[in-house]
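Reviewing the structure listed below.
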Amino acid sequence: MKRQKMKRPVHNKREQAQSLVELAVSFMLIMFILAGAVDLGRAYFALIALRDAAQEGVIFASINPDDISGVETRVQNSSTGPVDFTAFAGSDIDLTWEVSGTAYTEASPPASPCAGFWDDSGTIASNSVTVTVEYDFPFTMPLISGLFPGGLRLRAADEHTILAPQCP
């Protein structure tokens, strides 16, 4: 028996160029999806770190609600990665608390530390403190950073009951 040769299909130059264009388009689409997945994964890890920093700050604030710089220090020292909080300025950490329906911030604190949290009888007037941490997340992948040049604003907040003893 004699073997028969299989005929190979004949492609012309136009079909080869079409395949190259399809490969280039699909490669760009796959790279865009991969870049997005990498940056979104990094953003998720940064958001978890922000949430943990807000929790650290609010735990400290629940015991020392009038120590604004101490809360900021606690938040800044909570992590060095994936987001380095030691490089945060005070403007990146937003502290708020509410006393009998009046909201206070670090920009407009109560007249005295005791006046903001304790009433005239020495009992606690405010029952909660909230710490909010915001961060501008920069994208690193060229395709994503080209679409979103300003990055992504991440925000985490936590609220806790004030556990501090009475004001002296």
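With respect to (1) free of Cβ contacts under 8 Å to residues at least 24 places away in the same chain; (2) of a type outside the set (S, T, N, Q); (3) surrounded by fewer than 18 Cβ atoms within 10 Å (Cβ to Cβ), the lone exception for residue 74 is condition (3). Is at least one residue of the stretch 87-99 at pLDDT below 75 and part of a loop (DSSP other than H, G, I, E, B)? The answer is yes, given that some residue of the stretch 87-99 is at pLDDT below 75 and part of a loop (DSSP other than H, G, I, E, B). Pairs linking a residue in the stretch 27-39 that is at negative phi and hydrophobic (A, V, I, L, M, F, W, C) to a residue that is assigned to a helix (DSSP H, G or I) and surrounded by 14 or more Cβ atoms within 10 Å (Cβ to Cβ), with Cβ atoms under 6 Å and 6 or more positions apart or on different chains, are 32/143; 35/143; 35/144. Annotation note: Cβ proximity below 8 Å between a residue of the stretch 42-54 that is in contact (Cβ under 8 Å) with a residue 12 or more places away in the chain and a residue that is of a type in the set (Lys, Arg) (sequence gap 6+ or interchain) occurs for 50/155. Residue 155 satisfies every condition listed in (1) surrounded by fewer than 12 Cβ atoms within 10 Å (Cβ to Cβ); (2) at pLDDT 80 or above; (3) in contact with a Ser or Thr (Cβ under 9 Å, 6 or more places away or on another chain) except (1). Each residue in the stretch 53-80 was checked for being part of a loop (DSSP other than H, G, I, E, B), out of contact with any strand residue (DSSP E or B) (no Cβ under 8 Å at 6 or more places or on another chain) and within 14 Å of residue 160 (Cβ to Cβ), and 1 pass. Do we have any residue at all in the stretch 21-44 that's in contact with a Gly (Cβ under 7 Å, 6 or more places away or on another chain), assigned to a helix (DSSP H, G or I) and either under 30 Å from residue 147 (Cα atoms) or modelled with pLDDT of 65 or more (or both)? The answer is no; no qualifying residue exists.
Quick check on my filter: what residues within the stretch 114-152 are of a type in the set (Asp, Glu) and modelled with pLDDT of 80 or more? Correct list: 134, 136.
The values are calculated or read from the model by the stated rules, or taken from the named source; none is laboratory data. Owing to the predicted nature of the structure, the values given are computational and were not obtained by experimental measurement. Positions of Cβ are generated from backbone atoms using ideal geometry, with glycine treated the same way; all protein chains shown enter the neighbour counts.
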